[in-house]
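Engineer: Quick one: the structure is below, questions incoming.
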Amino acid sequence: ILAVSFKKDAASNLSERIRSRCGKELAFRFESLTFDSFAKEILDRFYLSLPAEFRPAKDYMVDTDYSLIKRAYALAGYQYSAVSPQNPKPQIPRAVMNLLLNGSVENDFLPALPFNLISRLANYLLKNNVYITKALQTTYSHVFLDEFQDTTSVQYELVQTCFLLSKCTITAVGDQKQRIMIWAGAMPDAFERYSQDFTALEKTLLMNHRSAPTLITMQCVLYNELKSAQLNIVPSDKWQENDGEVTLHIFSTDADEAGYIKQQIKAKLELGILPREI
């Protein structure tokens with residue numbers, strides 16, 4: 001089973017849950033990765049099958065903040081073309097691509113690829129090598145796509161190339177009401193495209209394991225305000241009926257709101273609560 005998530009902590013959480021429920025032996029058959037690490041694993045393992053003009057150096061660095069690709073554009077004398085929701089796959093000039101793939105001793109520039117370009121190269125690699133694509137489909141009988149509402153068009157194209165029209169059982173899970181990554185390139189119509197391309201059967205989950213009953217009551221009110229479909233969502237039976245707390249704060253300015261939140265975070269840290277749990 002391959003599980004692919006948008007964020008690193010979600011991928012780790014899935015692995016931990018499978019290990020605790022199934023034990024090490026069965027967990028060994030479950031691979032949980034982020035979209036970025038999945039694309040990088042494909043590229044790193046099969047990069048030699050790329051044409052020489054698109055083949056990266058074996059020891060390339062990962063450009064996590066786009067600072068190196070900006071420098072490559074400057075060295076090659078071009079204006080940087082940024083990745084955006086409107087331009088998820090900008091055309092990269094040949095001179096810039098050569099710098100990113102091979103580096104330049106003369107300019108003290110080491111080979112470096114941003115994750116967006118790693119995904120594009122992995123996709124190109126698979127599209128042009130049916131044997132690797134078939135091997136991938138044979139390896140995984142089931143594929144689980146987590147946090148699907150955050151999927152970018154480049155990531156979705158990689159999923160299509162890997163598994164569309166294959167015999168793999170694919171499940172995409174997400175919540176459009178939690179779609180907060182549009183600014184980072186998430187597709188606004190991810191579920192519509194997935195349903196159409198993969199002829200998916202839609203199922204609605206009606207039990208909320210994470211939220212306490214009081215929070216679920218509040219969420220249902222919000223769903224109605226957002227003109228979402230009315231759903232009879234129920235909490236897990238681990239909760240007491242009145243568990244959970246909802247408070248409403250009204251601030252005059254965003255600076256007042258930020259100051260209050262800062263105080264709340266500081267107080268929780270002083271109580272020993274881990275930052276990731278706040």
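Engineer: List pairs: first in the stretch 33-48 and touching a residue at least 40 places away in the same chain (Cβ under 8 Å) and open to solvent by less than 60 Å² (accessible area, probe 1.4 Å), second among the polar types (S, T, N, Q) and assigned to a helix (DSSP H, G or I), Cβ under 8 Å, 6+ apart or cross-chain?
Structural biologist: Within 8 Å, the pairs are F35/S119; F35/Q155; D36/S119; A39/S119; A39/N123; A39/Q155.
Engineer: For the condition farther than 19 Å from Q178 by Cα, of a type in the set (D, E, K, R) and open to solvent by less than 90 Å² (accessible area, probe 1.4 Å), what is the one hit in D237, D256? Spell out how you get there, then give the answer.
Structural biologist: Working: D237 fails: open to solvent by less than 90 Å² (accessible area, probe 1.4 Å).
Result: D256 is the single residue among D237, D256 that is farther than 19 Å from Q178 by Cα, of a type in the set (D, E, K, R) and open to solvent by less than 90 Å² (accessible area, probe 1.4 Å).
Engineer: Kindly evaluate I273 against the criterion of being farther than 25 Å from K177 by Cβ and either among the acidic types (D, E) or under 27 Å from the mean Cα position of the chain (by Cα) (or both).
Structural biologist: Judged against the criteria, I273 is a match.
Engineer: Right, another one. If I ask for residues that are under 13 Å from Y156 (Cα atoms), open to solvent by 30 Å² or more (accessible area, probe 1.4 Å), hydrophobic (A, V, I, L, M, F, W, C) and part of a helix (DSSP H, G or I), which ones from the stretch 170-201 would you list?
Structural biologist: Selection gives F191 alone.
Engineer: Here is a further query. Which numbered condition in (1) open to solvent by less than 90 Å² (accessible area, probe 1.4 Å); (2) at pLDDT 90 or above; (3) assigned to a helix (DSSP H, G or I) is the only one that I273 fails?
Structural biologist: Just one mismatch for I273, condition (3).
Engineer: Anything in the stretch 185-244 that is of a type in the set (D, E, K, R) and either over 30 Å from L117 (Cα atoms) or touching a residue at least 12 places away in the same chain (Cβ under 8 Å) (or both)? List them, or say none.
Structural biologist: Of everything in the stretch 185-244, those that are of a type in the set (D, E, K, R) and either over 30 Å from L117 (Cα atoms) or touching a residue at least 12 places away in the same chain (Cβ under 8 Å) (or both) turn out to be R193, D197, E202, K203, R210, E225, K227, D237, K238, E241, D243.
Engineer: Taking the condition without any contact (Cβ under 8 Å) to a residue 24 or more places away in the chain and hydrophobic (A, V, I, L, M, F, W, C), does V159 pass? Lay out the reasoning, then the answer.
Structural biologist: Numbers: without any contact (Cβ under 8 Å) to a residue 24 or more places away in the chain: no; hydrophobic (A, V, I, L, M, F, W, C): yes.
No: the conditions fail for V159.
The values are calculated or read from the model by the stated rules, or taken from the named source; none is laboratory data. The structure displayed is predicted, hence computed values, not measured ones. Heads up, the Cβs are rebuilt from the backbone with ideal geometry, glycines too, and the neighbour counts pull from every protein chain shown. Note: accessible area is taken over every heavy atom of the protein model, side chains too, but ligands, DNA and RNA are not part of it. Shrake-Rupley method; radii C 1.70, N 1.55, O 1.52, S 1.80 Å.
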